[in-house]
Each structure stands twice: as structure tokens, then as C-alpha cells.
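Enquirer: Just dropping this structure here.
The values are calculated or read from the model by the stated rules, or taken from the named source; none is laboratory data. The structure displayed is predicted, hence computed values, not measured ones. Cβ: placed from backbone, ideal geometry, glycine included. Neighbour counts: every protein chain shown.
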Amino acid sequence: MSDQPPNSPPSGQAERSGKRRDRPLPTFAARETFFGTEKMANAEFSIAGIPFDLGTTNRAGARDGPAAVRRASRMVGGTYPDLWPDLYGLDIADVGNFSLYMGQLADSLDAIERQAMAYDHLLSVGGDHLVTLPLLRAASKRRGGPLGLVHFDAHVDTWAETFQVPFTHGTNFRIAIEEGLVDPKRMVQIGIRCRVEPEVWHWTSDQGVTIISAEEVHLGRPDEIAARIVDIVGTSGDTYLTFDIDCLDPSCAPGTGTPEVGGLLSWQTRAILTRLKGPRFIGMDVVEVAPAYDVAEITALNAAAVMAFYLGLQAKKREGPEPTG
């Protein structure tokens, strides 16, 4: 599936030798699937798009996120020097977009959960952050209990309701905690910096959730933040990763529905994610990419990179330690 195979012979060499050799496609000509894969089913790691944004409370458009991230993902992948194993060595498939019910929020959430149940290790691309709720419902059922949660975001998403509506992309994790889908003592939120009422903040921390603000990340070191995350979620229990692209500063991710100033920079995200080698991740999602507001595809590219770093961690676990020196 890689678009980086061995070099083709010089022009005319294959013809002169009498042998036909397939030439690698340049990135811009690769299939517009996640990471350019041609495999569409029965893989160890399945990647699905969820074009859903009925839970959005500000700028709409995250329904177009999967298509934008698919296209950008052809530029990322391969081997990273702080991971070394090549994610293209993994068994990966793009399983397409999940089916939804147009304009019907509750039915769509049920449909997402049913479809997610079919995959043991699923990477999802939203869509707004409400899609994480049915994904957690499916993952918790498959794993037989509450999960640890690593949550990158600008917002806590633990409101009881937003604008008097109980199901939005701002209430998803309160519902997940109340339904027992996640263990709040094994839940950590990174990059938080939004306006939030004291009662919402205190409710969240009172459940046992650890909140690491964006300012703490800026004033600290990525390796220290990563070590703290690993200490919270542990290395033995099943853990889910969810990444809201608005965790990044708008300078790095303008294409999102609810941008917040003062966010993480791309290099900080990379440095933290590539150090999360201990937790036992069983699935992940990247959400809230709204390409209508993007500039030069940088938001979609950052979202695709998050997926690549996650897959790099999985490859690392299978191929042993990186070279020394």
C-alpha cells in the first residue's frame, strides 16, 4: 500500500531489458483512501469515516472531515525516527464511511454503534465529537467493561447540556462517564483551555478525571506530559484515544468548528503522542475537522498525522525496540 517502493529504473531501461516493471505512483496520484490503501476489508486495523455533524453547536461542516483527511493522509505515514517501525507494514484497511440517517441524531448514533461493533481495532475519522459516544459504547461492549480514555481537546465536553440540548458534541463525555463506558480515574484530558462554568469543571474533576490545561503543556515538557498520561491510564487496562483537532492552536488547525486560542502546537502533539508507547490502546478517533474553514489543508494534514503517529505506536509494539545510536 505504500507509495514509496524501491526506485523505478531510469526511463527506457525496463523497455530495453524486455521486462515490464510497475512504476510507483506519485503521492498526488495515489488512491484517495486513508493512507492510499487498496485494502477495503478484513484487516487488523480498520479505518472508517463518520460524516456526521448533527451535534455541532457552532460552525457546521465536520461531515466533510473524512474526505479531507483521506486525501491528506496520502502525504503522511511510513517510518518516523522516534518510532522507526513502518506503519505500512501493518494490516490496514479503509472500510469506507459508516451509514447514517439523514437529520436523525438518535438513529444515527445507534447506527454508528452497530457498525463499530464489527471491528476489533477501529480508527475513526469524524464528524463532530459526538460520534465518540457510540464508538465508546461499542468498544466498551466488545471489551466487557469501562475503558481508560486519553482525550486531547480544547473543551472538557462534560456539560450536562448545551443550549438546553442533552446530546451534543459538548455533552458526550458526561454521558460516557454516567453510562460507565469509561473509568474517570483512568481518564485524562489534555489541552483544555475553553470557557467553562465552575460547576462543570468541578463535576468533571470530582469524578476523578485528570485535566491538563494547554498552559500546563506549554510550561512543561512533552516527555513529562506523556509520562503523566501513562501513569493515569496505566499499561494493562484497555484504553481509547480520542483527538479533537481543536486541541491544536488555530494557527495549526483553522479548519474546525469551535476554535480556541492558545492551543497546542503541532510539534507538541507529535512529541507527546509518539511517547505514549505504554498504554494498551484498543481504538481511536480524530474528530472536528471542518475543511470549509481550512487553509492549505493544514488541519486535515494534522489530523492524518495524528492517525499516523497512533499507527506508528502499534507498529512499534510489533517490531521491537528502535535502533540505537
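Enquirer: (1) closer than 28 Å to LYS316 by Cα; (2) modelled with pLDDT under 55: which one isn't true of ASP82, the others all being true?
Expert: Checking ASP82 against (1) closer than 28 Å to LYS316 by Cα; (2) modelled with pLDDT under 55, the one that fails is (2).
Here's the yes/no breakdown for (1) crowded, with 16+ Cβ neighbours inside 10 Å; (2) within 11 Å of HIS151 (Cβ to Cβ); (3) of a type in the set (Ser, Thr, Tyr):
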residue	(1), (2), (3)
THR168	yes, no, yes
ILE177	yes, no, no
VAL182	yes, yes, no
MET187	yes, yes, no
ILE192	yes, yes, no
TRP201	no, no, no
ILE212	yes, yes, no
GLU215	no, no, no
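Enquirer: Being in a loop (DSSP other than H, G, I, E, B) and either touching a Cys at 6+ places or on another chain (Cβ under 9 Å) or surrounded by fewer than 17 Cβ atoms within 10 Å (Cβ to Cβ) (or both) is the filter here, so list the residues in the range 77-105 that pass it.
Expert: GLY78, THR79, PRO81, ASP82, TRP84, ASP91, SER99, TYR101, MET102, GLY103, GLN104
Enquirer: Would you mind telling me which numbered condition in (1) of a type in the set (S, T, N, Q); (2) assigned to a loop (DSSP other than H, G, I, E, B); (3) closer than 23 Å to ASP244 by Cβ SER108 fails?
Expert: Looking at each condition in turn, SER108 falls short on (2).
Enquirer: From ILE192, ILE229, which residue is in contact (Cβ under 8 Å) with a residue 12 or more places away in the chain and within 23 Å of ALA139 (Cα to Cα)? Don't jump to the end; show me each part of the working.
Expert: Details: ILE192 fails: within 23 Å of ALA139 (Cα to Cα).
Exactly one residue qualifies, and that residue is ILE229.
Enquirer: Give the residues of the range 272-301 that are aliphatic (A, V, I, L, M), outside any loop (DSSP other than H, G, I, E, B) and within 21 Å of THR235 (Cβ to Cβ), sorted by residue number. If you could, list the steps in order and put the result at the bottom.
Expert: Step one: filter the range 272-301 for residues aliphatic (A, V, I, L, M), giving 272-273, 276, 282, 284, 286-287, 289-290, 292, 295-296, 298, 300-301.
Checking which are outside any loop (DSSP other than H, G, I, E, B) leaves us with 272-273, 282, 284, 286-287, 289, 292, 298, 300-301.
Result: ILE272, LEU273, ILE282, MET284.
Enquirer: In the range 277-295, is there at least one residue being surrounded by fewer than 23 Cβ atoms within 10 Å (Cβ to Cβ), at pLDDT 95 or above and of a type in the set (Lys, Arg)?
Expert: yes
Enquirer: Looking only at the range 141-163, count how many residues are among the small types (Gly, Ala, Ser) and buried (at least 21 other Cβ atoms within 10 Å of the Cβ).
Expert: Initial filter on the range 141-163 (among the small types (Gly, Ala, Ser)): 144-145, 148, 154, 160.
If we keep only those that are buried (at least 21 other Cβ atoms within 10 Å of the Cβ) too, we end up with 148, 154.
Final tally of qualifying residues: 2.
Listed here are the residues, each with its yes/no results for (1) touching a Lys or Arg at 6+ places or on another chain (Cβ under 7 Å); (2) closer than 27 Å to ASP238 by Cα.
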site: GLU38; (1), (2): yes, no
site: PHE52; (1), (2): yes, yes
site: GLY61; (1), (2): no, no
site: ARG71; (1), (2): no, no
site: GLY89; (1), (2): no, yes
site: LEU109; (1), (2): no, yes
site: TYR119; (1), (2): no, yes
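Enquirer: For TRP267, only one of the following conditions fails: (1) surrounded by fewer than 19 Cβ atoms within 10 Å (Cβ to Cβ); (2) in contact (Cβ under 8 Å) with a residue 24 or more places away in the chain; (3) not small (Gly, Ala, Ser). What is its number?
Expert: Going through (1) surrounded by fewer than 19 Cβ atoms within 10 Å (Cβ to Cβ); (2) in contact (Cβ under 8 Å) with a residue 24 or more places away in the chain; (3) not small (Gly, Ala, Ser) one by one, TRP267 breaks only (2).
Enquirer: If you don't mind, there's one more thing I want to ask. So, restricting to helices (runs of 4 or more DSSP H) that lie completely within the range 119-231, which ones have at least 1 residues that are touching a Phe, Trp or Tyr at 6+ places or on another chain (Cβ under 8 Å)?
Expert: Values: elements: 132-143, 172-178, 198-206, 214-219.
Answer list for the range 119-231: 132-143, 172-178, 198-206.
Enquirer: To continue, here is another question. For the range 138-161, name all the residues that are out of contact with any Asp or Glu (no Cβ under 9 Å at 6 or more places or on another chain) and under 25 Å from VAL217 (Cβ atoms).
Expert: VAL150, VAL156, THR158
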